[in-house]
Amino acid sequence: MTTAPEASPPAAPPPTALTEPRRNVGKVWIGGISTGMLGLYMAFFTPIQVLLPIQLADIDDRGKVAAFGLVTGCGALVAVIANPLAGALSDRTTGRFGRRHPWTLGGVTVGAAALCLLGLQTTVLGVLLCWCLAQAALNAGYASLNAGIPDHVPIRQRAVVSGWIGFPQALGLVIGAVIVTTLVTDLAAGYAVIGIAAAAMALPFVLSTPDPPLPHRARPPLSPRALLGSFWVSPREHPDFAWAWFTRFLVMLGNATGTLYLLFFLQDAVGYERLFPGRTADEGVLILTLLYTTGVVATSVAGGVLSDRINRRKPLVVASASVMTAAALILVFWHTWPAAIVAASVMGAGFGVYLSVDQALITQVLPAATDRAKDLGIINIAATAPQVLGPALAAPIVAGLGGYSGLYVLSAIVTLLGGILVWPIKSVR
């Protein structure tokens with residue numbers, strides 16, 4: 001007589017930190033993460049757009065262009081490395097305070113201190129070192145905060161929430177610029193206010209929202225070799241993740257090439273200062289930035305609501321990329337101020353929808369729950385790298401390979417191609 005084999009014990013359920021979220025997040029949670037993101041975007045963009053150019057011009061007026069390129073280029077390189085690295089370490093954090101909140105709080109606190117130090121620097125080297133420290137710390141905070149979407153938001157709500165954390169990307173630049181140009185005009189004080197505001201705006205989310213701890217038994221390997229190996233996500237094993245990365249990279253590259261030379265476009269092609277004597281092209285850029293921001297704010301949440309309601313991501317990514325392509329084509333054929341106004345508004349409207357819907361799509365193609373923050377950091381490279389590559393592509397085109405028309409042709413082609421590449425993704429509709 002044979003005896004039946006003993007049944008194997010049931011597998012232990014995954015820890016709460018690694019389960020797929022099911023319950024919708026509420027208004028307090030959405031408001032907290034949106035406010036935290038707004039503070040981080042202010043800290044990222046206000047120095048680049050306003051404070052660093054002024055500071056470097058005071059240090060070395062004749063070499064300010066080269067110095068600005070060096071400082072921002074090194075900062076972008078640090079961001080490319082720091083974001084996924086901090087994300088990977090966040091994924092492996094097992095303390096009782098959770099995986100994300102310690103990194104968010106630590107990142108914004110160190111970032112605020114670095115910005116305060118940055119405002120005191122009187123040499124290009126000092127500016128470079130402090131800006132790189134700020135980029136490393138702020139990207140650590142951003143990586144952990146951004147991971148809150150796949151950690152806590154169910155798929156049916158992700159586009160709406162992505163819209164709420166997307167429009168601060170455009171709004172942060174405007175609010176930060178207003179603060180340091182009208183309310184706090186001293187350079188050192190401007191850096192300090194922006195840094196302290198970023199830390200203060202992240203604090204309510206950290207203190208008021210849950211962050212389930214990760215048990216030691218569920219922690220991915222933490223050795224340097226295992227950590228380094230985790231940064232390679234095989235396109236063969238995870239093709240949807242690869243297609244999403246290339247989509248983000250190309251759309252962001254098109255956006256970067258279309259906006260980085262906007263000041264020179266107004267000066268050289270539109271003749272803004274001849275059209276409006278007594279005004280500067282800087283004022284024209286500010287007007288276009290406000291129109292662009294208005295478009296982003298107007299469509300980001302609305303696009304997310306529509307995407308969640310119809311349960312579709314890919315058609316809206318293609319549609320938004322097509323709208324941005326149309327905006328670039330306007331500037332191919334018409335080098336006028338009215339055309340620039342229309343293009344900025346159209347570009348902002350398309351980019352707002354893209355921000356919310358594509359972010360939601362990306363959270364649905366992440367390879368593993370154990371590596372959410374790291375994988376989002378890898379995706380973030382697709383958004384950061386174009387800021388470095390864009391000027392390298394744009395400069396020779398503006399100088400002789402088609403001028404500004406050629407530049408916006410490139411922007412249109414790259415953006416449209418990025419939208420088209422979303423179609424091979426199979427796991428998301």
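Going residue by residue through region 218-231, is there one that turns out to be at pLDDT 90 or above and either in contact with a Pro (Cβ under 9 Å, 6 or more places away or on another chain) or closer than 25 Å to GLY148 by Cα (or both)? It would help to see each step written out before you state the result.
Going through region 218-231, the residues at pLDDT 90 or above turn out to be none.
Checking region 218-231: not a single residue is at pLDDT 90 or above and either in contact with a Pro (Cβ under 9 Å, 6 or more places away or on another chain) or closer than 25 Å to GLY148 by Cα (or both).
Which number in (1) more than 29 Å from PHE231 (Cα to Cα); (2) at pLDDT 90 or above; (3) among the small types (Gly, Ala, Ser) marks the one condition that SER90 misses?
(1) is the only condition that SER90 fails.
State whether the residues of region 288-302 include one that is at pLDDT below 90 and in a loop (DSSP other than H, G, I, E, B).
Scanning region 288-302, I find no residue that is at pLDDT below 90 and in a loop (DSSP other than H, G, I, E, B), so the answer is no.
Quick check on region 302-312. Is at least one of its residues closer than 30 Å to GLY406 by Cα and surrounded by fewer than 22 Cβ atoms within 10 Å (Cβ to Cβ)?
Checked region 302-312: no residue is closer than 30 Å to GLY406 by Cα and surrounded by fewer than 22 Cβ atoms within 10 Å (Cβ to Cβ).
Pull up region 232-283, narrow it to residues that are among the hydrophobic types (A, V, I, L, M, F, W, C) and assigned to a loop (DSSP other than H, G, I, E, B), then point me to the one that is surrounded by the fewest Cβ atoms within 10 Å (Cβ to Cβ). Walk me through how you get there before you give the answer.
Step one: list which residues in region 232-283 are among the hydrophobic types (A, V, I, L, M, F, W, C), which gives 232-233, 241-246, 249-253, 256, 260, 262-266, 269-270, 275-276, 281.
Restricting the remaining residues to those that are assigned to a loop (DSSP other than H, G, I, E, B) gives 232-233, 260, 276.
On the way: TRP232: 8, VAL233: 18, LEU260: 19, PHE276: 13.
By that ranking, first place goes to TRP232.
Taking the options VAL323, VAL409, name whichever one is part of a helix (DSSP H, G or I), more than 21 Å from PRO424 (Cβ to Cβ), modelled with pLDDT of 95 or more and not charged (D, E, K, R).
On the way: VAL409 fails: modelled with pLDDT of 95 or more.
Going through VAL323, VAL409 in turn, just one is part of a helix (DSSP H, G or I), more than 21 Å from PRO424 (Cβ to Cβ), modelled with pLDDT of 95 or more and not charged (D, E, K, R): VAL323.
For region 360-408, enumerate the residues that are hydroxyl-bearing (Ser, Thr, Tyr) and farther than 25 Å from VAL422 by Cβ.
Residues satisfying the conditions are THR370, TYR404, SER405.
ASP371: assigned to a helix (DSSP H, G or I), under 18 Å from ASN146 (Cβ atoms) and of a type in the set (Asp, Glu), yes or no?
Details: assigned to a helix (DSSP H, G or I): yes; under 18 Å from ASN146 (Cβ atoms): yes; of a type in the set (Asp, Glu): yes.
Against the criterion (assigned to a helix (DSSP H, G or I), under 18 Å from ASN146 (Cβ atoms) and of a type in the set (Asp, Glu)), ASP371 qualifies.
Evaluate the following for GLY95: is it within 16 Å of the chain's Cα centre (by Cα) and either assigned by TED's automatic domain parsing to the domain that holds CYS132 or surrounded by 15 or more Cβ atoms within 10 Å (Cβ to Cβ) (or both)? Step through it out loud before you land on a result.
Values: within 16 Å of the chain's Cα centre (by Cα): no; either assigned by TED's automatic domain parsing to the domain that holds CYS132 or surrounded by 15 or more Cβ atoms within 10 Å (Cβ to Cβ) (or both): yes.
The answer is no for GLY95.
Do we have any residue at all in region 107-119 that's outside any helix (DSSP H, G or I) and either surrounded by 21 or more Cβ atoms within 10 Å (Cβ to Cβ) or at positive phi (or both)? Can you show your working first?
So in region 107-119, the residues outside any helix (DSSP H, G or I) come out as 119.
Checking which are either surrounded by 21 or more Cβ atoms within 10 Å (Cβ to Cβ) or at positive phi (or both) leaves us with 119.
So far as region 107-119 goes, yes, one or more of its residues are outside any helix (DSSP H, G or I) and either surrounded by 21 or more Cβ atoms within 10 Å (Cβ to Cβ) or at positive phi (or both).
Is at least one residue of region 119-126 of a type outside the set (Asp, Glu) and touching a Cys at 6+ places or on another chain (Cβ under 8 Å)?
At the first step, the residues of region 119-126 found to be of a type outside the set (Asp, Glu) are 119-126.
From what's left, touching a Cys at 6+ places or on another chain (Cβ under 8 Å): 121.
Yes; the residues of region 119-126 include at least one that is of a type outside the set (Asp, Glu) and touching a Cys at 6+ places or on another chain (Cβ under 8 Å).
Based on what the data block shows, is VAL353 surrounded by 24 or more Cβ atoms within 10 Å (Cβ to Cβ) and in a loop (DSSP other than H, G, I, E, B)? Explain how you work it out, then say what you get.
On the way: surrounded by 24 or more Cβ atoms within 10 Å (Cβ to Cβ): yes; in a loop (DSSP other than H, G, I, E, B): no.
Answer is no for this residue.
The values are calculated or read from the model by the stated rules, or taken from the named source; none is laboratory data. Computed from a predicted structure; not experimentally measured. FYI the Cβ positions are ideal-geometry reconstructions off the backbone, even for glycines, and counts take in every protein chain you see.
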